[in-house]
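The block underneath contains the structure these notes are about, expressed in structure tokens.
The values are calculated or read from the model by the stated rules, or taken from the named source; none is laboratory data. In this text, all values refer to a predicted model and were calculated from it rather than measured experimentally. A quick note on method: Cβ atoms are made from the backbone with ideal geometry, for glycine too, and the neighbour counts reach across all protein chains shown. Areas reflect the complete protein model, heavy atoms only, side chains present, ligands, DNA and RNA absent. Shrake-Rupley method; radii C 1.70, N 1.55, O 1.52, S 1.80 Å.
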Amino acid sequence: RVPQLFAEGGFRLGGWVTVQRTKKDQMSADRRQRLEALGFAWDPLADAWEEGFSKLEAFKAKEGHCRVAALHIEDGYKLGQWVRVRRRSEGQTPANLLQRLNAIDFVWDPISGAWEEGFSKLEAFKAREGHCRVPDKFIEDGFNLGSWVHNQRTNKTQMSADRRQRLEALGFVWDPLADAWEEGFSKLEAFKAREGHCRVPQKFKEDGFRLGVWVGNQRHKNDQMSADRRQRLEAIGFVWNARGGNNLWQFKPGRSSL
């Protein structure tokens, strides 16, 4: 694939190659065979397309998808640029080439492709961690999943119904603070079921969760807590006063201490 104006050792090889293509039909069989044995590109555009496609196949085999970054270089080849050109020329691409691209899940819409990448990373996180409570700055396999999750929450009202349904089916957390509270409450319920009370030691952990700290926070935020949450806590015997329980008996002068 010699560039048109390329010179090799002072010889205008680009011009010579162009002449060979022009005179292909008049060329002797011997010369054609010698050129083809060398890998001569009769159609440089088709040949360049095949090179790009082969690099995309290699990328897909390695990464598992075709979401190529705009500036990505694959084995010295500007694959990101090749992919961008394919998207721009989709309407002019022959059907057989479109079929080959679609067969390996080519990403025609990079914005949609970016969303799908984030969703796949969230699926991996959920499979490993058992939940979708992703920390703000968490990186999943090189992908900024924490930022992606934050963006989904921010754009919730503008999101398509299909995407919302897919996220919710996965257990997506729209309100991380509310979800964190529910996790703490479920751990407290487990503690109460096992111990028979809600007097949780300050440094106690329930199944890896810092339940003692969570309980302390509920006491500290008692005045700002919603009535519904207070009722739920009191229904399982929550201890608001850490020193003596909900109904702490106080000594008064003249009263029996028994």
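See the values below:
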item: Accessible-area value, residue 172, 1.4 Å probe, nucleic acids and ligands omitted, Å²; result: 20
item: Order by protection proxy (mean Cβ within 10 Å, highest first), peptides 180-189, 89-98; result: 180-189, 89-98
item: Length-normalised contact order of the chain in % [C-alpha pairs under 8 Å, at least 6 apart]; result: 8
item: Within the chain: Cβ-based charge dipole about Cα centre, in debye rounded to nearest 20 (Lys, Arg +1; Asp, Glu -1); result: 920
item: Cβ charges +1 (Lys, Arg) and -1 (Asp, Glu), total dipole of region 22-136, debye; result: 160
item: Measure of compaction for region 89-144 (Cα Rg per 2.2 N^0.38 Å); result: 1.57
item: Ranked order, 108, 16 - accessible area, probe 1.4 Å, largest first; result: 16, 108
item: Neighbourhood charge, 9 Å Cβ-Cβ cut-off, centred on residue 170 and excluding it, Lys, Arg +1 and Asp, Glu -1; result: 0
item: Positive-end residue of 155, 108, 26, charge dipole of the chain with Cβ unit charges; result: 155
item: Dipole of the chain, positive direction: furthest Cα of 181, 66, 96, with charges on the beta-carbon; result: 181
